[in-house]
Amino acid sequence: MRKHMRSALFVLTALGAPLSLTGCGKLVMAAKKSDIRIETNINEGVFLEPVGKAQMRAYVRVRNNTGQSLGVEQALRAELAAQGIRVVDDPKNATHTLEANILKMGRYAEEDAAALSLGYGAAIGAAAGGVLAASSGNYSNVPSYAIGGGAIGAAVGLGSFLVDSFIDDVYYNIIADVQIGERINAPGAKESVAYTAQSGSSTTRSGMYHRQLEWTLHRTRMMTTANQVNLKLEDAKEPLKQNLAKAIAGFL
């Protein structure tokens, strides 16, 4: 990234091209975002009954619907082991379960914030409620006479155009639905389940039955975002994966 900044400044200096306020702002932004920044947000907080990590046995399952090779489950297993939590392959032997469904991995989109707020199970992309009009504020797209006229306007436009060519503020993110299970240590606990069944076009049956209650389930949606100037997808995948795994493991 610093190489791109040096190249941009060299070209601008060589041409003697002045910058608009937007161009200057982009150079300041590039300096501030030279290192990758990662953050994770959740739709709803999850609170579990306190249990010592040495007594925990976690069953882990991660489904990946992105079509990309991510390795989140392996990273999650490694994170749990590093915390002293034993990972088991059979949920019957587990005290807790951690299950995740990776819904998206890619460039941040305007509707992603809405998808996060709608929470577990909501469709990705359908939550946007329309496309938001956004202005880039890039004066290089405005005719030079609208900026100042003549050679000055053309020079300012050239400077901003060159900055825009070298500097791009990029966000990538992972969105995942997460379900955390706590085993209930009460052998007699039961739950009531209502059902409706239809046979053919006219017969409908409904009722209620009871079944033993084994797990308390908590559900939330998570979004981990990476931001850096000129960030590439392949450079974003590893830190996104590791930070998402650490955040999921943090529920236990």
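What number of residues in region 29-45 are modelled with pLDDT under 90 and among the aliphatic types (A, V, I, L, M)? If you could, list the steps in order and put the result at the bottom.
Initial filter on region 29-45 (modelled with pLDDT under 90): 29-35.
Filter once more, so that each one left must be among the aliphatic types (A, V, I, L, M): 29-31.
Selection size over region 29-45: 3.
Find the strands (runs of 3 or more DSSP E) located wholly in region 144-252 whose residues include 2 or more that are at pLDDT 95 or above, crowded, with 17+ Cβ neighbours inside 10 Å and not acidic (D, E), and list them.
On the way: elements: 169-183, 190-199, 203-212, 215-229.
In region 144-252, the matching strands (runs of 3 or more DSSP E) lie at 169-183, 215-229.
Of the residues making up region 92-112, those that are assigned to a helix (DSSP H, G or I) and surrounded by 17 or more Cβ atoms within 10 Å (Cβ to Cβ) number 1. Residues of region 68-85 that are assigned to a helix (DSSP H, G or I) and more than 9 Å from Q242 (Cα to Cα): E73, Q74, R77, A78, L80, A81, A82.
The values are calculated or read from the model by the stated rules, or taken from the named source; none is laboratory data. In this text the structure is predicted, and so the values were computed from the model without any measurement. Cβ sites come from the backbone with ideal geometry, for glycine too, and all protein chains shown count toward neighbours.
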